[in-house]
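In what follows, a single structure is set out as structure tokens and then discussed.
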Amino acid sequence: MKKDLRLLLCEDSELDALLVVRQLEQNDYTVSWRQVDNAHDMRQELEQHDYEIVISDFNIPGFGGEAALELIKEMGLDIPFILVSGAVGEETAVSMMKAGANDYLMKNSLFRLSETVKRELKEAEIRKQHRDSVELLKANEAKYRAFIDQSIMAILLARPGGLIQEANTAASRLFGYTPEEFRQLGRGQLLDLTQPYAVEKLAERTAIGRSSGELIGIKKNGERFYCEVSSVVFKDINGEDIASAMISDITDRKNAEEKLKTTNRELKELSLHLKNAREDERRYIAREVHDQLGQLATALKNDVDWLVLKITDDDKITHQRILHIEKAIDTLLASIRQIAANLRPSVLDDFGLNVAIEYKCAEFCETNAIETCFVTELDDTILSLQQKTELYRITQEALTNILRHAKAKKVQVKLSDTENEISLVISDDGLGFDTTVTRSSLGIVGLRERAASLNGTLVIKSAPGEGTSLSITIPKFYRYENTDCR
């Protein structure tokens, strides 16, 4: 199938022009063509039409091949130019080739014309593709430079060795250097690379081609600041490695984080102090209730017992009233013991965590008719008083939650330890709940806070109808920094 060809012929002989067109149409082309023989007409044709190729005679009265070629160059067109002449010397032909002609043919050798046109059109297309690629590259580079320069983040381009090649406006604002000054610097003058973390990040980038992290930046005036750096190594258009770094000043964020850490530490210390104060107060009140009220109730009981011995059997009404008083005093004594135990079980201080939890489980079972099993594999003598207190309170709170919400029939409390950790697991066969649903439960918050106060963690496993398991894990040899709780 023939190809369409848009041809401009610079020729003063119509017969010669027809011969050229015929030669092309006999081979590969359907030719659409115009013939000109002067500069004015040629310029007009080139301005008004999109020609693919120009074929020109060398000798045209008042015009000629040299002028035609010069006009194409003047107009800045990249159109293949083929010189066809009946009488041109080799020296002239070479001169025309040097001036920009793509090829030349003798009019008596037009059999080569079709192949010459095909070759020159192909090379013209290659040149066009190259120009388009260059223009696209320039456009992309312009977009890239606009993006880089308008970015609010500092962006640096450097060779992996560290010499800065380019910096955007934000980098100049951040570090205080001009673009020219940046090109005299290495990354070690902008970032503190002596820190172990920085060395680690450089090694990471070398290994996988990218890295990100928080480093220390150094401004032109020597001021140091916290910055976040994301860096990646890529190939430039020449296939050479180049490293980009996006840098943002995070000094305000770091200061806010430090302030938040300080506040959290102060709140933790305050919470610890309040808990210690509360435990001290509970211990004091429990001791006073047990010693003072207990002694008074015991004294009353002794007096009532004495009255019982003095009342005669005949005074039955008085005897009954005194027995009623005696029962009330027994109830009062039991209540005093229960209140004192709830405030601060003396068994915890006197006999340790294992005995205290075992006693609590037995009491829970007896009081609420819920089968409660306590299993321990822990030597509680290794625990500090703070650890004993918190683990006991966690057990106490967990049992209260089970009673209120779980409707359980069986409960197990288990204490165990490994080489470095202590574990308290409290499980029940109750209703359970969906742990994926956000809940506002002060009980769970309290348990989590108590675990955190021991530098530990709380894990809750539950599902509707499958019971609940609370697992508290704490470091084995953790100690409070504050030891007010005695």
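Of note:
- Dipole magnitude for segment 223-329: about 420 debye, using +1 per Lys or Arg Cβ and -1 per Asp or Glu Cβ, origin at the Cα centre.
- Averaging the sequence gap over all C-alpha pairs within less than 8 Å and six or more residues apart, then dividing by the number of residues, gives the chain a relative contact order of 7 percent.
- Other residues lying with their Cβ under 12 Å from the Cβ of ASP379 contribute a combined charge of -2, Lys and Arg counting +1, Asp and Glu -1.
- Sites LEU274 and GLU363, calculated FRET efficiency, Cβ-Cβ separation with R0 41 Å, nearest 0.05: 0.90
- Label selected from [x] 165, 57, 38; [y] 78, 65, 42; [z] 70, 60, 39, the criterion being Cα extents along the principal axes in Å as computed here: [x]
- Toward the positive end of the charge dipole of the chain, with +1 on the Cβ of Lys and Arg and -1 on the Cβ of Asp and Glu, the farthest Cα among ILE285, SER85, ALA139 is that of ILE285.
- A viscosity of 0.890 mPa s and a temperature of 25 °C, combined with the Kirkwood radius over C-alpha pairs in the Stokes-Einstein formula, give segment 105-246 a diffusion coefficient of 135 µm²/s.
- Gyration tensor over alpha-carbon atoms, segment 325-390, equivalent ellipsoid semi-axes in Å: 27, 16, 8
- Three-way shape label, segment 1-95, alpha-carbon gyration tensor, a/c 1.5: oblate
- For segment 198-339, the normalised intensity computed at q = 0.14 Å⁻¹ comes to -0.87 (log10 of I(q)/I(0), Debye sum over alpha carbons, equal scatterers, no solvent).
- The lysines within cross-link reach of LYS316, meaning a Cα-to-Cα straight distance under 17 Å and a gap of 8 or more places when in the same chain, are LYS327.
- Reachable lysines from LYS268, criterion Cα separation under 16 angstrom, eight or more residues apart if same chain: LYS259
- Within segment 118-225, GluC sites (Glu not before Pro) in DSSP loop having at most 15 other beta-carbon neighbours inside 10 Å: GLU223
- Each Lys or Arg adds one and each Asp or Glu takes one away; over the other residues whose Cβ falls under 15 Å from the Cβ of PRO179, this sums to 0.
- The magnitude of the dipole of the chain, with charges of +1 and -1 set on the Cβ of Lys/Arg and Asp/Glu and taken from the Cα centre, is near 1800 debye.
- Candidate lysines - alpha carbon under 17 Å from LYS2, same-chain residues fewer than 8 apart omitted: LYS118, LYS122
- Structure note, pairs LYS201/LYS235; LYS73/LYS143; LYS407/LYS476; LYS360/LYS414: Cα-Cα distances above 25 angstrom occur for LYS73/LYS143; LYS407/LYS476.
Read-outs throughout are calculated quantities, based only on the coordinates presented, and are distinct from any laboratory measurement. Fair warning: this is a prediction, and the values are worked out from it, not measured in the lab. So basically every Cβ, Gly included, is an ideal-geometry build from the backbone, and we count neighbours across all protein chains shown.
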